[in-house]
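Note sheet for the following structure.
What follows is calculated from the coordinates using simple rules that are stated; it is not laboratory data. Computed from a predicted model, the values in this text were never measured in an experiment. Counting neighbours? That spans all protein chains shown, and the Cβs are built from the backbone with ideal geometry, glycine included.
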């Protein structure tokens with residue numbers, strides 16, 4: 001085992017699967033189970049420590065997320081994983097600071113980031129870890145600074161206000177080609193831990209509101225329903241959240257091309 005592998009050994013831990021079951025062992029999230037065993041990579045989303053420059057010593061694949069991760073080594077010899085931005089390469093340096101250079105991979109407070117800059121791995125609380133814009137190939141654009149808030153245009157086109165003392169990483173997350181990935185066959189989906197979904201109309205009436213009837217019949221009701229009889233599709237399901245007050249403009253629906 002080389003020195004690099006020894007350093008990152010502490011950052012890889014076993015990942016226990018629960019297959020969509022509650023603490024009572026009952027299935028609460030359907031269509032999950034099986035899948036290939038994985039080891040979890042402990043990612044430092046906050047990119048601490050502050051004001052200490054680290055050097056990229058490797059770009060790695062992470063089976064638990066869509067983007068790649070980068071292994072960073074700091075002057076005291078410690079190593080940590082961070083979310084890798086696009087075009088980051090081995091040998092580059094990154095730093096987390098309030099007024100760091102606006103450079104790919106650096107983590108800076110939003111109030112010190114110029115308008116028009118693309119960021120990812122955004123925190124929503126000044127002392128909290130990053131939670132927004134972390135999937136492959138995504139980035140949020142800094143639109144404006146207003147008082148103690150910064151306006152960000154999210155990948156969904158939603159415009160949201162975030163406290164400008166929060167940190168964000170400069171750049172876009174790696175692997176933008178992930179959006180074009182095609183599974184190819186059902187077996188790949190099973191390896192990812194997704195079990196097959198049976199249509200409600202193929203079930204018996206006792207098992208689903210869409211079930212019953214002879215052969216291929218319609219659902220026999222004005223709108224689709226869940227297995228528990230609640231109206232589905234076209235119904236608002238988002239619960240009122242405290243963060244709703246920070247939304248300036250809701251996400252716009254994507255226009256579908258003509259067939």
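Cut-off is 10 Å between beta-carbons; in what order do 66, 243 appear when sorted fewest neighbours first?
Neighbour counts put them in this order, fewest first: 243, 66.
Within 10 Å of each residue's Cβ, count the other Cβ atoms and sort 50, 167, 45 from fewest upward.
50, 45, 167
So what does log10 I(q)/I(0) come out to for the stretch 105-232 at q = 0.10, 0.14, 0.15, 0.22 Å⁻¹, using the Debye formula with one equal point on every Cα and no solvent?
Results for the stretch 105-232 at q = 0.10, 0.14, 0.15, 0.22 Å⁻¹ read -0.58, -0.75, -0.78, -1.12.
Residues of the stretch 216-239 with backbone nitrogen within less than 20 Å of a virtual label 7 Å along the Cα-to-Cβ line of residue 30, please, listed as ranges.
216-238
In square nanometres, what is the average projected area of the Cα convex hull of the stretch 97-144?
3.4 nm²
Rounded, prolate or oblate for the stretch 3-177? Axes are the square roots of the Cα gyration tensor eigenvalues, ordered a ≥ b ≥ c, and the cut-off for rounded is a/c under 1.5.
Oblate shape, in that a/c is at least 1.5 and b/c is the bigger or equal ratio.
Most exposed first by the Cβ proxy, i.e. fewest other Cβ within 10 Å, how do 13, 247, 82 rank?
Final ranking by Cβ density, sparse to dense: 13, 247, 82.
When N is the residue count of the stretch 16-85, what does its C-alpha Rg come to as a fraction of 2.2 N^0.38 Å?
1.50
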